[in-house]
1. Against the longest alpha carbon principal axis of the chain, how many degrees, from 0 to 90 and to the nearest 10, is the axis of helix 16-28 turned?
2. Using a Gaussian network model on the chain with a 10 Å cutoff between Cα atoms, which of 178, 108, 122 fluctuates the most?
3. Rounded to two decimals, what is Rg over Rh for the range 2-268 when you use alpha-carbon atoms and the Kirkwood radius?
4. A 22 angstrom limit on the alpha carbon distance is what I want to check against. Which of 182/207; 3/113; 56/158; 42/269; 2/269; 207/269 exceed it?
5. Do any trypsin sites (Lys or Arg not before Pro) in the range 139-216 lie in a loop, going by DSSP, with at most 16 other beta-carbon atoms within 10 Å of their beta carbon, and if so which?
6. Given the -39500 (n - 2.57) contribution per DSSP H run of 4+ residues, what per-residue ellipticity at 222 nm results for the chain, rounded to the nearest 500 deg cm²/dmol?
7. Return the whole-Å distance between the Cα centroid of the range 1-39 and the Cα centroid of the range 98-138.
8. For residue 27 paired with residue 175, estimate the spin-label separation in nm (one decimal), with each label point 7 Å from Cα along the Cα-to-Cβ line.
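No value in this document is a laboratory result; all are computed from the given coordinates. Quantities reported herein were computed from a predicted structural model and do not represent experimental measurements. Every residue, glycine among them, receives a Cβ derived from its backbone with ideal geometry; neighbour counts consider all protein chains shown.
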Amino acid sequence: MKKENWNPEADRYLKSGERELHQFLHSTRTNEAVDWRKLLGKKDRRWLPFQRASEKCGGIRGRILEVGAGDGWCSAAVLRHYEIEESFIMEIDEAAIDSLIPETLRNFEVDDKNVTLVLGSFNSIPYVDYFDFVIAMGSLHHSENLFVTLRSLWSALKPGGSLLSQEPAMADSTSNEFYRQKSQQVKKFKEGIEFRNEERSDHFYRKCEYYTALHHAGFEVDLEELAGANPAPTKKTSIWSRLMGGVGEKPTVESSPNTPTNIFIRATKPLSGEASLPITAWESI
Ligand SMILES: C[S@@+](CC[C@H](N)C(=O)[O-])C[C@H]1O[C@@H](n2cnc3c(N)ncnc32)[C@H](O)[C@@H]1O
């Protein structure tokens, strides 16, 4: 197992509170001696959509990078289930890199010969056109600037490579006031630490913001709203189900405003590798 340091502190978008919090959370956590089947069983709600998306890509292979890996459960599961040439597993804090992720890899009993543990941020990746897959399981919503983050992942992917990501997302109709109030709330963690949301990055972006940032970063996008993700039946959808008795394509169900749902993103860098030229000037930052 190798290690690389991509200097997360050089990322001007990464808030010190975000690093401090996760350093604390990861140092208080342990997966020691937990059977990997039990661990993965608890992740069904996320691992099954991941496998579905990977099937659509013809399976996971080649060089992979996981960003914001937490304890590394998803990379460990990928190493158990697929033939991987090289696996880079990234986190922003030393506690995850030095202890928590190695412990998870041991639990999953995987060969770590081609594994590189990376201390880094998803906004500054020093590899270009290198990875076949980038994985982000619940980490993109910690981005302070979704476009910058997705552009960085786009650049790290080979042409034809894919980003696979599961994220919480808000309905398109969620109000700005909701975000203003959320930023002022203090979150108390059961591990015994608290942070005002504005001191860190925990943005439940709207679904339309994911679409916009992904398209503008240059990806072709397939986005799935996951079951159990709080769809609020609208008048339109209940009339449709009465009329059609469940037959045919249903109209899109819009989730309730101000309530999180879950999405799965499969986004591909076109084979041409060309950045989609800005359609508007939003990206010139
Ligand atoms: C909600 S946790 C998800 C962890 C893990 N992927 C999982 O599925 O359990 C989000 C993770 O993103 C990481 N993160 C936050 N900002 C990041 C950044 N700029 N670059 C990479 N990872 C980041 C945090 O340290 C945290 O571990």
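1. 70
2. Its mean-square fluctuation being the largest, the pick is 178.
3. Values: Rg = 18.8 Å, Rh = 19.4 Å.
Ratio value, two decimals: 0.97.
4. Values: 182/207 17 Å; 3/113 12 Å; 56/158 18 Å; 42/269 31 Å; 2/269 28 Å; 207/269 20 Å.
From 182/207; 3/113; 56/158; 42/269; 2/269; 207/269, over 22 Å: 42/269; 2/269.
5. On the way: sites: 151, 180, 182, 187, 188, 190, 196, 200, 206, 207; in loops: 190, 200.
Counting only loop positions with at most 16 other Cβ atoms within 10 Å, the trypsin sites (Lys or Arg not before Pro) in the range 139-216 are 190.
6. Working: 9 runs with 89 residues, N = 285.
Here the helix-only value at 222 nm equals -9000 deg cm²/dmol.
7. About 11 Å separates the Cα centre of the range 1-39 from the one of the range 98-138.
8. 4.0
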